[in-house]
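Dropping the structure in here first, questions after.
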Amino acid sequence: MKILKYALIAVAGLVVLAVAGAVVFAMTFDDSQWVLSREDPDMFQRFIADMGPQRIAGRWEASEDHGNTWRKDFDLIFERA
């Protein structure tokens, strides 16, 4: 099993998720949506999720053209047990 080391940093209402290996995602929340995104020169990625009281349904997407078009990599669902 691989264990990821990460840090959450909050600056002026924006939360940043930094994962070991220097991958940094900006993270935002609103009433019912959670968004993680990174815009590196080599690849743009994002995770968009709708949050409910018992379930978070999201998807990872990637863009090879600097965010002009996006393709879905995979869906990810968290459910309260």
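Would you kindly give the portion of the calculated P(r) for region 26-79 that falls above 14 Å, as a percent of all Cα pairs?
Cα-Cα pairs in region 26-79 separated by more than 14 Å: 53 percent.
How large is ³J(HN,Hα) for each residue in region 27-32, as worked out from phi by the Karplus curve 6.51 cos²θ - 1.76 cosθ + 1.60 (θ = phi - 60°), to whole Hz, x for Gly and Pro?
With coefficients 6.51, -1.76 and 1.60, one gets 10, 10, 10, 10, 3, 9 Hz.
Using modelled amide H (1.01 Å from N, peptide plane; none on Pro or chain starts), what sits under 5 Å from the amide H of residue 51, excluding residues fewer than 5 places away?
Residues meeting the criterion, in which the H sits 1.01 Å from N, are 33, 34.
Where a number appears in this text, it was derived from the coordinates with a stated rule and is not lab data. Nothing here was measured: the structure is a model prediction, and the numbers come from that model.
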